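Okay, structure first, notes after.
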Amino acid sequence: MPGDKSISHRYAILAALAEGRSGIANYSTAADCRSTLGCLERLGVETKIGREREVQITGAGLGGLKAPKRSLDAENSGSTMRMLAGVLAGQAFTSTLTGDASLRRRPMRRVIEPLRKMGAEIHSRDGDVAPLEIRGGNLRAIDYSQPVPSAQVKSAILLAGLYANGVTTVREAVRTRDHTELALREFGARVETAKGAVGVHPRPKLVAQQLVVPGDLSAAVFLIGAALVLPESALVIHNVGLNPTRAKVLDFLISMGAEIHVAAVESRNGELVGDISVRHAALAGGEISGAQVAEMIDELPMLAALGPFTEKGVTIHDAKELRVKESDRIATLAEGLRRMGARVEEFPDGMRVEGRGAGKLRGAKVDPQGDHRIAMALAAAGLGAECDTEIQDAGCVAVSFPEFFETLDKLRGTAG
């Protein structure tokens, strides 16, 4: 699998703030992660992409970033925009973060407000959306409780906390992915964790590291979904990230009846990595709500797309966040599945996709609205449909998994 997108972002940003040259092997091939590198280069950081997905980054140190001569373009990457906002809040210069049309519609108030509390001056369109003009400087440490669970916002605050005047703490009622905390420790920052809270001490000396990014579990889920849809399938995926804050999706699939096994688990750079094997199996279906939503937010499109292949269907609640992703993922996925003959009910905060009793899917022309995860979910569903499915703008998968369709084709080629 290509490198984990979430971890690649964080390693690159911290390598830029460290002293010395870091090497990051298996760096994500996603367009989003290239956007992060591009923004770092405009801030005066030297990056070099080598062979075998390795990236070398010569760190500028905590105080070594330079004022960009033009806007920093995060393109389609919300992770890039939100996390870099935290770094830029601590810089003694003014910078502007922007992105493509999709990203400029996504909510940013959730990251703007805590950074303002820390002392950063931030201007945005309508007080909520990009472009973000950030004038940084000396920051105050805060103790912040997140109103909406978000690993990106948590990360932005912790990164800003590196420049604060004391320990910065983030509290969350629902535990979100902890890649930033692990990476901060790996680079030498002092991080304290307690139940529901994480704090970072200011002004650490970050030291360059040699790192290997685990395979992306959120991308692997679409291949796992394809194997679950196609009878007689068997698949082994090597060196996948199994961080406990990300692996709940495997537990949920197993609870539905999926035949999934994990082996060869080890720790690398503070992250758990292992092999996943999956075989086609009859799925019962299930319901996702509450804390599960934050734990599986990126995998929800694939889980919903499995609904027509289950006995009881799949129901999702408490996932209003899906409405403000790269697309309105609830509406876009519902429309795509309906075109294929699925019976789907939309809710303001989720959806219900009826099980196999509603009838077999049939191929159709579907539009993922430029959303990479919707395109991959509909592709997996299309493998189990009668007749062909045509996915418009299929190249949008490059945002997170450029090799997706090529990988599917290779897997087909290995079939007996």
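The values are calculated or read from the model by the stated rules, or taken from the named source; none is laboratory data. A quick note: this is a predicted structure, and the numbers were derived from the prediction, not measured. For neighbour counting, all protein chains shown are included, and Cβ atoms are generated from backbone atoms with ideal geometry for every residue, glycine included.
Some notes on this structure:
- Residue match in region 62-72 (condition: surrounded by 14 or more Cβ atoms within 10 Å (Cβ to Cβ) and touching a His at 6+ places or on another chain (Cβ under 9 Å)): no
- Filtering region 106-125 to residues that are under 18 Å from the mean Cα position of the chain (by Cα) and surrounded by fewer than 23 Cβ atoms within 10 Å (Cβ to Cβ) leaves ARG106, PRO107, ARG110.
Conditions tested, residue by residue: (1) aliphatic (A, V, I, L, M); (2) free of Cβ contacts under 8 Å to residues at least 24 places away in the same chain; (3) over 30 Å from GLY59 (Cα atoms).
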position: ALA151; (1), (2), (3): yes, no, no
position: ALA173; (1), (2), (3): yes, no, yes
position: GLN209; (1), (2), (3): no, no, no
position: GLY225; (1), (2), (3): no, no, yes
position: LYS248; (1), (2), (3): no, no, yes
position: ALA258; (1), (2), (3): yes, no, yes
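- Inside region 304-317, residues that are among the basic types (Lys, Arg) and assigned to a helix (DSSP H, G or I) make up a count of 0.
- Only one of GLU299, GLU295, GLU266, GLU287 that is charged (D, E, K, R), at pLDDT below 95 and farther than 14 Å from LEU337 by Cβ: GLU295
- Condition met for ARG343 (without any contact (Cβ under 8 Å) to a residue 40 or more places away in the chain and out of contact with any Asp or Glu (no Cβ under 8 Å at 6 or more places or on another chain)): no
- Selected residue (only one of LYS312, LYS360 is loosely packed, with under 15 Cβ neighbours inside 10 Å and either in contact (Cβ under 8 Å) with a residue 12 or more places away in the chain or within 28 Å of ALA30 (Cβ to Cβ) (or both)): LYS360
- Filtered residue count, region 134-177, keeping only those that are assigned to a strand (DSSP E or B), crowded, with 17+ Cβ neighbours inside 10 Å and either in contact with a Pro (Cβ under 9 Å, 6 or more places away or on another chain) or not β-branched (Val, Ile, Thr) (or both): 5
- Strands (runs of 3 or more DSSP E) wholly inside region 20-118 containing at least 2 residues that are closer than 29 Å to ASP328 by Cα and not basic (Lys, Arg): 94-98
- None of ARG10, ARG21, ARG53, ARG70 is assigned by TED's automatic domain parsing to the domain that holds PRO131, at positive phi, touching a residue at least 24 places away in the same chain (Cβ under 8 Å) and not small (Gly, Ala, Ser) except ARG53.
- Among the candidates THR58, THR47, THR80, the residue that is touching a helix residue (DSSP H, G or I) at 6+ places or on another chain (Cβ under 6 Å), surrounded by fewer than 22 Cβ atoms within 10 Å (Cβ to Cβ) and not small (Gly, Ala, Ser) is uniquely THR47.
- Filtering region 1-28 to residues that are aliphatic (A, V, I, L, M) and over 16 Å from the mean Cα position of the chain (by Cα) leaves LEU14, ALA15, ALA16, LEU17, ALA18, ILE24, ALA25.
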